[in-house]
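*Asks:* Questions regarding the structure given below will be posed in turn.
The values are calculated or read from the model by the stated rules, or taken from the named source; none is laboratory data. These figures come from a predicted structure and were not determined experimentally. Reconstructed Cβ throughout: ideal geometry from the backbone, glycine too, with neighbour counts over all protein chains shown.
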Amino acid sequence: MYLSDTITAISTGMNNAGIGIIRISGEGSFKIASAIFRLSSGKSVNTFESHRVYYGFITDDGKTVDEVLLIALRSPKSYTTEDTIEIDCHGGNLVMRRILKIILSKGARLAEPGEFTKRAFLNGRMDLSEAEAVTDVINSSNEYALNNSIKQLTGKLTEKIRLLRDKIKYEIAYIESALDDPEHYDLSGYYLRLSNVTDEICDELVSLKKSFNEGRIISEGINTVILGKPNVGKSSLLNLLTGEETAIVTDIAGTTRDALKQDIVMNGLSLKITDTAGIRETDDIIEKIGVDKALESAKDADLILMMIDSSEEIDETDIKIFDFIKDKNAIILLNKSDLKQKVSENDVKKFTQKCIMSISAKDETGIEEFKAKINEMFLKGTIDYNDEVILTNERHLYLIENSIQSLEEVKNSISAEMPEDFVSIDLKNAYEYLGTITGEQTGDDIIDEIFSKFCMGK
Ligand SMILES: Nc1nc2c(ncn2[C@@H]2O[C@H](COP(=O)(O)OP(=O)(O)OP(=O)(O)O)[C@@H](O)[C@H]2O)c(=O)[nH]1
Ligand SMILES: [Mg+2]
């Protein structure tokens with residue numbers, strides 16, 4: 001029932017634009033198109049040829065509603081694998097709604113959000129992780145997130161998960177065969193091999209799990225906090241990076257009171273950057289709250305930009321901040337390089353191992369180098385240049401953690417020399433968790449595997 005009805009929706013945004021696309025998918029698509037579409041000659045089309053574009057008009061009760069291009073895609077060669085009609089109409093809100101209404105009056109149902117992709121998945125055109133990547137592609141806010149989503153969309157994660165699942169499936173099948181047919185399958189010494197295989201798979205899963213933080217940073221943005229004493233130029237840097245007068249800048253120490261957050265895209269990476277109140281001992285209640293807030297937001301930061309005014313000597317407060325950031329990802333920015341220098345990079349090196357860079361927020365010098373440094377820190381050049389799969393999806397992370405846990409159980413059972421059917425249960429769990437990532441079903445395929453690989457047909 002679910003798959004046989006015909007759905008429709010406006011697939012482009014609902015703001016007036018040059019062109020809008022309305023999609024119809026399902027068995028009734030072509031019939032509906034025949035009923036509402038006239039060629040420019042005035043004739044109706046009874047049979048649309050697949051993968052052809054038709055020029056004509058949408059009509060309602062003989063009245064012309066819009067001039068359109070209509071694309072016909074016959075099953076299975078369409079996004080959903082069903083008969084599909086795409087109507088390129090004018091992108092006005094009213095005209096699109098009117099065409100949609102006509103299509104609905106001819107028997108189509110309004111699609112639920114994501115239903116075209118859901119059908120593509122249910123009809124086997126893509127697996128679950130690929131379907132999930134479709135929304136990631138749409139929601140990507142920077143180039144690296146987009147590259148990674150495209151990789152997932154084209155099956156890179158699926159490939160990796162399948163490979164690991166195949167290895168696990170082989171071992172499950174081996175154990176089951178041996179338990180069924182002990183005369184022909186010898187399990188002595190088997191645990192040593194299984195232990196090695198389990199370690200290998202676990203290593204791969206653990207590195208996938210670790211990639212999640214990188215993935216989160218890529219898709220959500222680097223949570224960056226600018227920290228430093230008052231008047232060192234923190235707000236000036238924020239304004240420079242956002243390209244706007246976002247924060248108030250004055251030569252009065254203690255100008256910024258509240259934490260100020262901005263999203264920016266820099267060299268293809270997203271940054272969620274927070275300008276904070278200058279750190280100092282203060283009796284001003286409001287400023288004190290601001291200082292506490294600054295330190296609090298720095299606690300969960302992916303990156304701290306500690307700023308120092310290089311035209312002033314380093315003091316106790318700077319040293320306290322060095323200590324505060326010692327276990328964190330940080331860059332020390334020696335600002336105001338345009339002024340007479342009282343602090344050099346070497347002076348700062350006595351206090352911290354972090355990367356130190358000279359900049360001038362006023363003259364905008366050293367900024368490109370500093371931006372390049374951030375890319376180097378967070379991408380290590382990997383994502384663009386090789387096929388490494390990076391995890392970005394919480395659901396996938398959860399399933400991978402569960403499968404690691406199950407494989408740890410396998411290792412425990414091996415160490416405790418538990419019987420093989422025990423081990424087999426945890427292997428199956430790991431196999432199922434991974435299969436849930438790609439949306440595959442367990443059960444029958446394991447049985448098929450036993451027959452195909454181990455030739456039991458005797
Ligand atoms: N010469 C020079 N002056 C700078 C530079 N960067 C900032 N300033 C000046 O330093 C003063 C303080 O700048 P802000 O950006 O407000 O400093 P802040 O760190 O945000 O200060 P608080 O909000 O008080 O903590 C302003 O007068 C800026 O114009 C720089 O690179 N060179
Ligand atoms: Mg400020």
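*Asks:* Considering every residue within segment 226-233, establish whether at least one is part of a strand (DSSP E or B), among the aliphatic types (A, V, I, L, M) and buried (at least 19 other Cβ atoms within 10 Å of the Cβ).
*Replies:* So in segment 226-233, the residues part of a strand (DSSP E or B) come out as 226-228.
Retained after the next criterion (residues that are among the aliphatic types (A, V, I, L, M)): 226-227.
Subset that is buried (at least 19 other Cβ atoms within 10 Å of the Cβ): 226-227.
Yes: segment 226-233 contains one or more residues that are part of a strand (DSSP E or B), among the aliphatic types (A, V, I, L, M) and buried (at least 19 other Cβ atoms within 10 Å of the Cβ).
*Asks:* Going through Ile168, Ile150 one at a time, which residue ends up being within 30 Å of Ile222 (Cα to Cα) and in contact with a helix residue (DSSP H, G or I) (Cβ under 8 Å, 6 or more places away or on another chain)? Write out each step before concluding.
*Replies:* Numbers: Ile168 fails: within 30 Å of Ile222 (Cα to Cα).
After applying the criteria, what remains is Ile150.
*Asks:* Let me ask something additional. Could you tell me how many of the residues in segment 31-70 are outside any helix (DSSP H, G or I), of a type in the set (A, V, I, L, M) and in contact (Cβ under 8 Å) with a residue 24 or more places away in the chain?
*Replies:* Within segment 31-70, the subset outside any helix (DSSP H, G or I) is 37-70.
From the residues that got through so far, the ones that are of a type in the set (A, V, I, L, M) too are 39, 45, 53, 58, 65, 68-70.
Subsequent filtering for residues that are in contact (Cβ under 8 Å) with a residue 24 or more places away in the chain retains 58, 65, 68, 70.
Total meeting the criteria: 4.
*Asks:* Would you point out which residue out of Ile450, Ile404, Ile400, Ile374 is over 22 Å from the mean Cα position of the chain (by Cα) and either at pLDDT 90 or above or farther than 30 Å from Ser270 by Cβ (or both)?
*Replies:* Details: Ile404 fails: over 22 Å from the mean Cα position of the chain (by Cα); Ile400 fails: over 22 Å from the mean Cα position of the chain (by Cα); Ile374 fails: over 22 Å from the mean Cα position of the chain (by Cα).
It is Ile450.
*Asks:* Now for a different question. Considering segment 93-122 alone, what residues qualify as being surrounded by 16 or more Cβ atoms within 10 Å (Cβ to Cβ) and outside any helix (DSSP H, G or I)?
*Replies:* Lys106, Ala108, Ala111 - these are the residues of segment 93-122 that are surrounded by 16 or more Cβ atoms within 10 Å (Cβ to Cβ) and outside any helix (DSSP H, G or I).
*Asks:* Okay, moving on. Which one of Ile332, Ile279, Ile321, Ile308 is touching a residue at least 40 places away in the same chain (Cβ under 8 Å), farther than 19 Å from Asp251 by Cα and crowded, with 19+ Cβ neighbours inside 10 Å?
*Replies:* Working: Ile332 fails: touching a residue at least 40 places away in the same chain (Cβ under 8 Å); Ile279 fails: farther than 19 Å from Asp251 by Cα; Ile308 fails: farther than 19 Å from Asp251 by Cα.
Checking each option against the conditions leaves just Ile321.
*Asks:* Now, a different point. I'd like to know if segment 170-183 contains one or more residues that are assigned by TED's automatic domain parsing to the domain that holds Leu397, part of a loop (DSSP other than H, G, I, E, B) and within 17 Å of Val389 (Cα to Cα). Even if it seems obvious, please write down each step before you answer.
*Replies:* Taking segment 170-183 as the starting set, the residues that turn out to be assigned by TED's automatic domain parsing to the domain that holds Leu397 are 170-183.
When the remaining residues are screened for being part of a loop (DSSP other than H, G, I, E, B), the result is 181-183.
Checking which are within 17 Å of Val389 (Cα to Cα) leaves us with none.
Within segment 170-183 (the criterion being assigned by TED's automatic domain parsing to the domain that holds Leu397, part of a loop (DSSP other than H, G, I, E, B) and within 17 Å of Val389 (Cα to Cα)), the answer is no, since none of the residues qualifies.
*Asks:* Still on this structure, I have one more. Is it fair to say Ser211 is in contact with a Ser or Thr (Cβ under 6 Å, 6 or more places away or on another chain), away from ligand 2 (no atom under 16 Å from the Cβ), closer than 30 Å to Val389 by Cα and of a type in the set (Gly, Ala, Ser)? Full working, then the answer.
*Replies:* Details: in contact with a Ser or Thr (Cβ under 6 Å, 6 or more places away or on another chain): no; away from ligand 2 (no atom under 16 Å from the Cβ): yes; closer than 30 Å to Val389 by Cα: yes; of a type in the set (Gly, Ala, Ser): yes.
When the stated conditions are applied, Ser211 does not pass them.
*Asks:* Further, regarding this structure: Report the residue count in segment 344-371 for those that are in a loop (DSSP other than H, G, I, E, B) and farther than 20 Å from Thr224 by Cβ. Explain how you work it out, then say what you get.
*Replies:* At the first step, the residues of segment 344-371 found to be in a loop (DSSP other than H, G, I, E, B) are 344, 350-354, 359, 361-364, 366.
Now narrow it down to the ones that are farther than 20 Å from Thr224 by Cβ: 344, 350-351, 362-363.
Qualifying residue count for the region: 5.
*Asks:* Then there's this: Any residue that is in the same structural domain as Lys160 (by TED's automatic domain parsing), aliphatic (A, V, I, L, M), over 19 Å from Lys167 (Cα atoms) and assigned to a helix (DSSP H, G or I) - is there at least one of those in segment 406-429? Break it down stepwise before answering.
*Replies:* From segment 406-429, those in the same structural domain as Lys160 (by TED's automatic domain parsing) are 406-429; that's our starting set.
Right, trim to aliphatic (A, V, I, L, M) and you get 407, 410, 414, 416, 418, 423, 425, 427.
Those left that are additionally over 19 Å from Lys167 (Cα atoms): 416, 418.
Applying the additional criterion that residues be assigned to a helix (DSSP H, G or I) yields none.
No, the conditions are met nowhere in segment 406-429.
*Asks:* Output the number of residues of segment 59-92 satisfying the condition of being of a type in the set (Lys, Arg) and exposed (fewer than 15 other Cβ atoms within 10 Å of the Cβ). If you could, list the steps in order and put the result at the bottom.
*Replies:* To start, the set of residues in segment 59-92 that are of a type in the set (Lys, Arg) comprises 63, 74, 77.
After this cut, where a residue has to be exposed (fewer than 15 other Cβ atoms within 10 Å of the Cβ) as well, the list is 63, 77.
Of the residues in that region, 2 qualify.
*Asks:* Hey, could you check segment 250-276 for residues that are within 7 Å of ligand 1 (Cβ to nearest atom) and surrounded by 21 or more Cβ atoms within 10 Å (Cβ to Cβ) and say which is farthest from the chain's Cα centre (by Cα)?
*Replies:* So the first thing to find is which residues in segment 250-276 are within 7 Å of ligand 1 (Cβ to nearest atom), and the list is 250-256, 275.
After this cut, where a residue has to be surrounded by 21 or more Cβ atoms within 10 Å (Cβ to Cβ) as well, the list is 256, 275.
On the way: Thr256: 34, Asp275: 26 Å.
It comes out as Thr256.
*Asks:* Any chance you could count how many residues in segment 186-220 are out of contact with any helix residue (DSSP H, G or I) (no Cβ under 9 Å at 6 or more places or on another chain) and not in a helix (DSSP H, G or I)?
*Replies:* 2
*Asks:* Do we have Leu305 as hydrophobic (A, V, I, L, M, F, W, C), near ligand 1 (Cβ under 8 Å from one of its atoms) and under 30 Å from the mean Cα position of the chain (by Cα) here?
*Replies:* On the way: hydrophobic (A, V, I, L, M, F, W, C): yes; near ligand 1 (Cβ under 8 Å from one of its atoms): no; under 30 Å from the mean Cα position of the chain (by Cα): yes.
Here the answer is no, as Leu305 does not meet what is asked.
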